[in-house]
């Protein structure tokens, strides 16, 4: 029986992509202890137990004693975990916001199933298959569950549209909906482009090439890559990105683990014809984003600007379990070209301390002054160009930018946390969308964007002229400020007149940016918000763009 049990276990593991020769070294006695313990509990324990929960708790308990990034995901959550990395999901294809308890369409996906049947920005979806989803306090998760479904299936939507009486009925055939990892791209000046990457997934490289090619066609010679807040993703995506910038044979990254050995990743061409490169990072730039940043820094290919990155230098391998659940198990460390590991120190089993790292950085003064960061000589490395770089805890930027804690006041943070700002935008747009769309030629923009996506001819002015007028001319009206005050009162947000006045400039900027996002897209949002970002401004200086001092 013991031999049969071991054969069964190894056969099960053999079905996993994670099987290596070390599987033969399994301690059968320890495996039997786990099986016997669960059997004893299930059969003999005084009360009824949930065997599935016991198993999941045991798995979580084992992983907890390893490192902070090895984790277990139940089967029901695996799809949601993988979607941002895989590049698509199946659904109706709209970006949306919840205005109180009503789903408001911000934009239908260009060429997607909702746009094809005539759903437009500003539509309110109130029923799904004749079930009310508005005014019934339904959770976002439950709403998304009803809207998503397998490609080819149909869903009946009831929609209220401003200026149209009654509930409009639409039948949408679900389809593959792309999930983009590049949020924004635009030209900063005639020769400098900007691309923001939010994560690294299967489609990141293709998205980047498409965006960069468009910008090069507009005259881009230099590039600002924004990786602020980028939590990482697929290692291979970072490697593909590094390949665009580095010369043939230059190392991008290497990984090494007890059972995986050492694997090196080298560039093949350096395909992207770009002169200066600046990479923007902060304390939430992690994992694959650190790989790309480290490759550019170690090979003296560009300048890293911002604050010390998150410091995740562990490689996880997904292991599918028989019931559809998933383990992401750390199997190796990754190292930059000069040999530094970015992983910050941790105590096995103490995830709370690990999660408090950013608070510790704040309390230590690191976020306000580079002088508060001390690296021992053993963690200093030298690039081939002679620059000193540091290991042992993230990437230290070439140009350090201290955190300005005065930008967002306590009032601003509370208004944002209670959704007052976004709700104000939605309420104002609900009343003025038609007038704003006409004033700034949104219909011409959408048609041009759609034709561009289909590879058809379009007038490039239709993509930019309306927004440029909005950016230059639009001032947040008092009506909008009054709406925000009403929302603040409803949310029981307290403030003084002096605090309100101190907060108002940034509030107006964000309200304007959110209007731009909902009328156009994230690129337009970024163009309005970025000039208020100190790391972005330092990046412009590093690339040689003169900016006005405040």
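The values are calculated or read from the model by the stated rules, or taken from the named source; none is laboratory data. Because the structure is a prediction, the values reported are computed rather than measured. Because the Cβ atoms are built from the backbone with ideal geometry, glycine has one as well, and the counts that use them run over all protein chains shown.
Data for the structure
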| item | result |
| --- | --- |
| The range 240-269 - residue that is part of a loop (DSSP other than H, G, I, E, B) and surrounded by fewer than 17 Cβ atoms within 10 Å (Cβ to Cβ) and, of those, modelled with the lowest pLDDT | 269 |
| The range 34-54, residues that are more than 25 Å from residue 73 (Cβ to Cβ) and not in a loop (DSSP other than H, G, I, E, B) | 36, 39, 40, 43, 44 |
| Members of the range 213-227 that are in contact with a helix residue (DSSP H, G or I) (Cβ under 8 Å, 6 or more places away or on another chain) and surrounded by fewer than 22 Cβ atoms within 10 Å (Cβ to Cβ) | 222 |
| Selected residue (only one of 436, 426 is modelled with pLDDT of 95 or more, part of a helix (DSSP H, G or I), assigned by TED's automatic domain parsing to the domain that holds residue 488 and within 13 Å of residue 121 (Cβ to Cβ)) | 436 |
| Entirely in the range 88-182, the strands (runs of 3 or more DSSP E) that have 3 or more residues that are farther than 30 Å from residue 207 by Cβ | 124-128, 154-160, 168-173 |
| Qualifying strands (runs of 3 or more DSSP E) (wholly inside the range 300-405; at least 3 residues being within 21 Å of residue 229 (Cα to Cα)) | 303-306, 314-320 |
| Some residue of the range 79-89 being out of contact with any strand residue (DSSP E or B) (no Cβ under 6 Å at 6 or more places or on another chain) and buried (at least 17 other Cβ atoms within 10 Å of the Cβ) | yes |
| Answer from 486, 479, 443 - the residue that is in contact (Cβ under 8 Å) with a residue 40 or more places away in the chain and in contact with a helix residue (DSSP H, G or I) (Cβ under 9 Å, 6 or more places away or on another chain) | 479 |
| Some residue of the range 126-144 being surrounded by 19 or more Cβ atoms within 10 Å (Cβ to Cβ) and in contact (Cβ under 8 Å) with a residue 60 or more places away in the chain | no |
| Residue ranges of helices (runs of 4 or more DSSP H) in the range 448-525 with at least 3 members surrounded by 14 or more Cβ atoms within 10 Å (Cβ to Cβ), touching a strand residue (DSSP E or B) at 6+ places or on another chain (Cβ under 8 Å) and assigned by TED's automatic domain parsing to the domain that holds residue 195 | none |
| Counted residues, the range 270-281 - those being under 21 Å from the mean Cα position of the chain (by Cα) and surrounded by fewer than 24 Cβ atoms within 10 Å (Cβ to Cβ) | 0 |
| For residue 351: the one exception among (1) more than 25 Å from residue 525 (Cβ to Cβ); (2) more than 23 Å from the chain's Cα centre (by Cα) | (2) |
| Test for residue 27: is it buried (at least 17 other Cβ atoms within 10 Å of the Cβ), more than 20 Å from the chain's Cα centre (by Cα) and over 18 Å from residue 148 (Cβ atoms) | no |
| Meets criteria (touching a strand residue (DSSP E or B) at 6+ places or on another chain (Cβ under 9 Å), touching a residue at least 12 places away in the same chain (Cβ under 8 Å) and crowded, with 16+ Cβ neighbours inside 10 Å) for residue 426 | yes |
| Residue count, the range 338-348 (criterion: farther than 18 Å from residue 261 by Cβ and more than 25 Å from the chain's Cα centre (by Cα)) | 4 |
| Which numbered condition residue 26 fails, given (1) modelled with pLDDT of 85 or more; (2) under 22 Å from residue 325 (Cβ atoms) | (1) |
| Failed item, numbered, when residue 458 is tested on (1) farther than 24 Å from residue 121 by Cβ; (2) more than 30 Å from the chain's Cα centre (by Cα) | (1) |
| Residue check for residue 182: within 30 Å of residue 289 (Cβ to Cβ), touching a helix residue (DSSP H, G or I) at 6+ places or on another chain (Cβ under 7 Å), crowded, with 18+ Cβ neighbours inside 10 Å and free of Cβ contacts under 8 Å to residues at least 40 places away in the same chain | yes |
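So that you can scan it fast, the table gives a plain yes or no per residue for (1) modelled with pLDDT of 90 or more; (2) outside the structural domain of residue 223 (by TED's automatic domain parsing); (3) buried (at least 17 other Cβ atoms within 10 Å of the Cβ):
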{"residue": "290", "(1), (2), (3)": "yes, no, yes"}
{"residue": "295", "(1), (2), (3)": "yes, no, yes"}
{"residue": "310", "(1), (2), (3)": "yes, no, yes"}
{"residue": "316", "(1), (2), (3)": "yes, no, yes"}
{"residue": "331", "(1), (2), (3)": "yes, no, yes"}
{"residue": "335", "(1), (2), (3)": "yes, no, yes"}
{"residue": "356", "(1), (2), (3)": "no, no, no"}
{"residue": "378", "(1), (2), (3)": "no, no, no"}
{"residue": "393", "(1), (2), (3)": "no, no, yes"}
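To keep it simple, each residue is scored yes or no on (1) out of contact with any helix residue (DSSP H, G or I) (no Cβ under 6 Å at 6 or more places or on another chain); (2) closer than 19 Å to residue 294 by Cα.
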position: 368; (1), (2): yes, no
position: 381; (1), (2): yes, yes
position: 390; (1), (2): no, yes
position: 399; (1), (2): no, yes
position: 402; (1), (2): yes, no
position: 406; (1), (2): yes, no
position: 414; (1), (2): yes, no
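Listed here are the residues, each with its yes/no results for (1) touching a helix residue (DSSP H, G or I) at 6+ places or on another chain (Cβ under 8 Å); (2) buried (at least 17 other Cβ atoms within 10 Å of the Cβ); (3) at pLDDT 90 or above; (4) not assigned by TED's automatic domain parsing to the domain that holds residue 311.
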residue	(1), (2), (3), (4)
66	no, no, yes, yes
71	yes, yes, yes, yes
75	no, no, no, yes
97	yes, yes, no, yes
